[in-house]
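Visitor: Right, I'll just put the structure down here and ask away after.
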Amino acid sequence: MYATRAVPLSLLTLLLATPPALAQTPADPNAAQTNPSSAAYHTPETLQWSPAPPALPRGAQIAVLMGDPFQSGPFIIRLRMPAGYTIPPHWHSMTENVTVISGTFSLGNGDTVELRSAQQLPAGGFHSITARDHHYAFTRDGAEIQIQGEGPFDITYVNPADNPDPNAAP
């Protein structure tokens, strides 16, 4: 078993230079701000996508729907992943609630990726992953998921060598 290393995503915001999805500066004055108590109205056309934080494998995009995933408090984000995208075995310090918006998203439990034992979730599928559960995820054909939880969102890779962030602390 490998030692684990936490990668707080709050530190990654500095590396992202506040992309549009995190800035949440709506063009429409009636659109919601990042305050969780605000009414949030989003359509697929108005979501502001930006590259996912460096703690996730390259190629994914993120859109923040509510809150700030890098701060304490509730948040909702969307993650859009291309075909063949895999997130190696990892865990989070908080519960992660995942809803599949489009495509097929596969999740498995454990410290190694086992494609055949993963549960495939089609669009509309849901899974709640409790804090510290070791799991992995992938999509063969591409998928968009919605993640809801309590921040700050973090990710700890089971095998530190799987961490794609070149600036992660050793």
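Visitor: Those residues that are exposed (fewer than 15 other Cβ atoms within 10 Å of the Cβ), part of a strand (DSSP E or B) and either out of contact with any Leu (no Cβ under 7 Å at 6 or more places or on another chain) or of a type in the set (Lys, Arg) (or both), I need them from region 103-123; list them, please.
Guide: The answer is 109, 120.
Visitor: (1) part of a loop (DSSP other than H, G, I, E, B); (2) at pLDDT 95 or above: which one isn't true of residue 70, the others all being true?
Guide: Answer for residue 70: the failing condition is (2).
Visitor: Any idea which of (1) on the phi < 0 side of the Ramachandran plot; (2) surrounded by 13 or more Cβ atoms within 10 Å (Cβ to Cβ); (3) touching a residue at least 24 places away in the same chain (Cβ under 8 Å) is the one residue 72 doesn't satisfy?
Guide: Looking at each condition in turn, residue 72 falls short on (2).
Visitor: Could I ask something else about it? Which number in (1) closer than 22 Å to residue 49 by Cβ; (2) of a type in the set (A, V, I, L, M); (3) touching a Phe, Trp or Tyr at 6+ places or on another chain (Cβ under 7 Å) marks the one condition that residue 113 misses?
Guide: Condition not satisfied by residue 113: (1).
Residue-by-condition table, conditions (1) within 24 Å of residue 109 (Cβ to Cβ); (2) hydrophobic (A, V, I, L, M, F, W, C):
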{"residue": "56", "(1), (2)": "yes, yes"}
{"residue": "60", "(1), (2)": "yes, yes"}
{"residue": "63", "(1), (2)": "no, yes"}
{"residue": "69", "(1), (2)": "yes, no"}
{"residue": "74", "(1), (2)": "no, no"}
{"residue": "78", "(1), (2)": "yes, no"}
{"residue": "84", "(1), (2)": "yes, no"}
{"residue": "93", "(1), (2)": "yes, no"}
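Visitor: I've got another one for you. For a quick check of your reading of the model, give me the residue pairs whose first member lies in region 121-147 and is under 20 Å from residue 158 (Cα atoms), whose second is assigned to a loop (DSSP other than H, G, I, E, B) and of a type in the set (Val, Ile, Thr), with beta-carbon atoms closer than 6 Å and at least 6 apart or on different chains.
Guide: Taking only residues 6 or more apart or on different chains, the pairs are 130/95; 131/95; 134/158; 136/113.
Visitor: Give 103, 110 a once-over and let me know the one that is in contact (Cβ under 8 Å) with a residue 40 or more places away in the chain and at positive phi.
Guide: Among 103, 110, only 103 is in contact (Cβ under 8 Å) with a residue 40 or more places away in the chain and at positive phi.
Visitor: Among 104, 112, 139, which is the only one that is farther than 15 Å from residue 83 by Cα and hydroxyl-bearing (Ser, Thr, Tyr)?
Guide: Only one candidate qualifies: 112.
Visitor: Would you check which residues across region 155-170 are of a type in the set (A, V, I, L, M, F, W, C) and at pLDDT below 90 and list them?
Guide: 168, 169
The values are calculated or read from the model by the stated rules, or taken from the named source; none is laboratory data. Computed from a prediction, not measured in an experiment: that's the story for all the values here. Reconstructed Cβ throughout: ideal geometry from the backbone, glycine too, with neighbour counts over all protein chains shown.
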